1. Given a 1.4 angstrom probe, I'd like the percentage of the accessible area of the range 4-200 that is carbon and sulfur, rounded to a whole number.
2. Lys/Arg Cβ at +1, Asp/Glu Cβ at -1, dipole of the chain taken about the Cα centre: which of 137, 53, 186 is farthest positive-ward?
3. To the nearest whole percent, what portion of all C-alpha pairs in the range 77-185 is separated by more than 22 angstrom?
4. Once the Cβ-Cβ distance between residue 141 and residue 54 is put in as r, and R0 is 30 Å, what FRET efficiency do you end up with, to the nearest 0.05?
5. When the chain is fully extended, how far beyond the present Cα-Cα distance does residue 12 get from residue 196, taking 0.36 nm per residue of separation?
6. Post the alpha-carbon centroid distance, the range 46-73 to the range 75-125, in whole angstrom.
7. Search the structure for amide H atoms under 5 Å from the amide H of residue 168, placed 1.01 Å from N in the peptide plane, and list their residues when 5 or more places away or on another chain.
8. How big, in percent, is the set of alpha carbon pairs in the range 4-200 lying more than 32 Å apart?
Amino acid sequence: MGKTTLLISRRNPFPSVLLDFFLDRGDTLFLASPTLEENADEIEGYRHLAWNPRSPISARNTMLTIENEAAVIDEAYLLYEHGEESRPLHQVPGTIIDISIDTALRGGLFICKEILNHFDTHSRGDLTLLLAGYPSSVRPSLESAMEGAFRQMGSALFQVYGESRIRIRGFEDHRENAEDFYREVTEILRANDDKRWGKWMRPGERGGIFSHFSR
C-alpha cells in the first residue's frame, strides 16, 4: 500500500524518474512547485499545488491544503537543482543574487519549517533532501553559495532531529546527467534501508550505488 508523499521543487518540471517511482508505488502524491501544469486539475495520480518559494505564507498554505485533503504526510522530498548562473560573481546582477537567495535559501527554509512542524505534530515523518549540484569541479560562486547553504541546512537538521521520531537524510550528486542520479536514488528507496538516515549520501561513487559520506 502506498504512502502519502509530498514532492517539492523550485523548478519545473519535477524529474520524471522520481515522479514515476512514487506513482508506481501507489502513493497519494502531492507535487509543489512554482508553476502549475496547464492541465493540473485533470492530472490523475497526483495533485499539483502552486508553491511560491519566496513566501512563508505560501509554504503554510501548501501544507494546509495537503492536511485538509490527506490528514498526515508520511514522506516529503525537497529537491534542490542547480541553476544556470555561471558568470563570475562580479558580473552577476544584484537582482539575480536576490532571487536566488529568496528561492533557493529562504524558500527551502520556509517549506522545511512547515513540513517539520507537521511531522512534529504527528510525532513522525521522513524528510529527504535531494541536491543535484552544479556539474563541475570549479563551481560558480553564486551556485556554490546556494548549494552550500542547502547542504549545511541538511547537516544541521541531521543533528537536531537525530534522536527524534522525525527521520532526515540527504542525497547529493554533481554529474552532468542528473537522470542517472535520480534513477540511483529510486534504487536506494526500493532497498528501504533504515540505517541510511542522518547523513548525506552520494549514490554512484566508488563502492556502488550505496556508497555514502557523512557531514
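The values are calculated or read from the model by the stated rules, or taken from the named source; none is laboratory data. Just so it is clear, the structure is predicted and the values come from calculations on it, not from any experiment. Virtual Cβ from ideal backbone geometry, glycine too; neighbours counted across all protein chains shown. These accessible areas exclude ligands, DNA and RNA; they are computed on the full protein's heavy atoms, side chains included. Shrake-Rupley method; radii C 1.70, N 1.55, O 1.52, S 1.80 Å.
1. Numbers: 4410 of 9370 Å².
Using a 1.4 Å probe with all protein chains present, the range 4-200 comes out at 47 percent carbon and sulfur.
2. 137
3. So the portion of pairs separated by more than 22 Å is 37 percent.
4. Numbers: r = 22 Å, r/R0 = 0.72.
The pair residue 141/residue 54 has a calculated efficiency of 0.90.
5. On the way: separation 184, 0.36 × 184 = 66.24 nm, distance 2.83 nm.
Once the chain is fully extended between residue 12 and residue 196, it gains 63.4 nm.
6. Measuring centre to centre over Cα atoms gives 15 Å.
7. 127, 198
8. 11 percent
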